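The values are calculated or read from the model by the stated rules, or taken from the named source; none is laboratory data. A quick note: this is a predicted structure, and the numbers were derived from the prediction, not measured. Cβ sites come from the backbone with ideal geometry, for glycine too, and all protein chains shown count toward neighbours. Please note that ligands, DNA and RNA were not included when accessible areas were found on the heavy atoms of the full protein model with its side chains. Shrake-Rupley method; radii C 1.70, N 1.55, O 1.52, S 1.80 Å.
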Amino acid sequence: IALKELDLPALKKVGANVSLSNMAALESLKLNALSRVDGTLSLNGLDKLQSVSCSALTMAKNIDLERLALDGISFPSLENVTVQFKMQNMSKLKKVELPKLVSCAKMQLYYFDVADALDFSSVKQLGSLEVVAAYKLTSLTLPETTQELILNGASRNIMPVLKNVKTINVLKIS
């Protein structure tokens with residue numbers, strides 16, 4: 001029998017890493033008491049995953065989401081990602097909600113097939129944002145000051161409208 005739901009209702013802190021990968025039947029992940037991950041929260045290759053609930057998570061060193069079947073992802077309490085937040089090969093992802101994210105050293109978004117608009121305006125300190133092969137992305141809302149913005153995909157004559165941003169220290173478009 002394959003695991004369809006993973007619920008760890010009392011888990012509050014992970015001192016190193018949380019890694020879930022290639023769990024073919026997993027449909028639901030609930031880590032609602034988890035407030036801190038001192039290493040990496042990694043979800044990879046969870047092809048049937050329909051919902052992730054990490055409602056109390058406020059801080060993680062790294063978040064790595066790859067090859068998930070989700071159409072939306074929300075971290076409603078997340079305030080700080082100290083090293084990197086990476087989302088890659090999320091072929092159904094249309095919505096990313098990070099309403100309380102204040103600081104993120106580096107954010108990487110690779111191979112988004114369906115998202116047409118992303119809003120990161122709530123992030124007060126965004127070190128680097130790299131967007132690669134998000135061919136349907138037409139609107140990207142950023143903080144007023146963004147340290148580095150890397151957009152790769154202009155070769156397909158697609159360039160998202162950049163909203164809200166007034167200062168970018170490094171801008172790379174290819």
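Quick notes on this one:
- Each Cα pair under 8 Å and six or more residues apart adds its sequence gap; the mean of these over the residue count of the range 57-133 is a relative contact order of 28 percent.
- Estimated distance in nm for a label pair at N169 and N152, the labels positioned 7 Å out from Cα along Cα-to-Cβ: 2.2 nm
- Total formal charge among the other residues, if their Cβ is under 10 angstrom from that of K4, Lys/Arg +1 and Asp/Glu -1: -1
- Nonlocal amide H pairs with F112, under 5 Å, H built at 1.01 Å: A134, Y135
- Surface composition of the chain: carbon plus sulfur atoms hold 48% of the accessible area, using a 1.4 angstrom probe and ignoring ligands, DNA and RNA.
- Our estimate of slack between K92 and L3, defined as 0.36 nm per intervening residue step minus the Cα-Cα distance, is 29.8 nm.
- Cut-off under 5 Å, modelled amide H: who pairs with T82 long-range: A60, K61
- Under Karplus coefficients 6.51, -1.76 and 1.60, residue-wise ³J(HN,Hα) of the range 102-110 in Hz, glycine/proline x: 9, 9, 8, 5, 8, 10, 10, 10, 10
- Relative contact order (percent, whole number), the chain, Cα cutoff 8 Å, 6+ residue spacing: 13 percent
- Summing charges over all other residues whose Cβ lies under 14 Å from the Cβ of P99, with Lys and Arg as +1 and Asp and Glu as -1, gives 0.
- Between V161 and M59, the contour length at 0.36 nm per residue exceeds the alpha carbon distance by 33.7 nm.
- Surface listing: E66, E144 arranged by accessible area from highest to lowest gives E144, E66, probe 1.4 Å.
- Restricting the range 84-131 to trypsin sites (Lys or Arg not before Pro) that sit in a DSSP loop and have at most 15 other Cβ atoms within 10 Å of their own Cβ leaves K92, K100, K124.
- The distance from the alpha carbon centre of the range 89-129 to that of the range 57-75 is 10 Å, rounded to a whole number.
- Average accessible surface for the range 75-143: 41 Å² per residue, computed with a 1.4 Å probe over protein heavy atoms with every protein chain in place.
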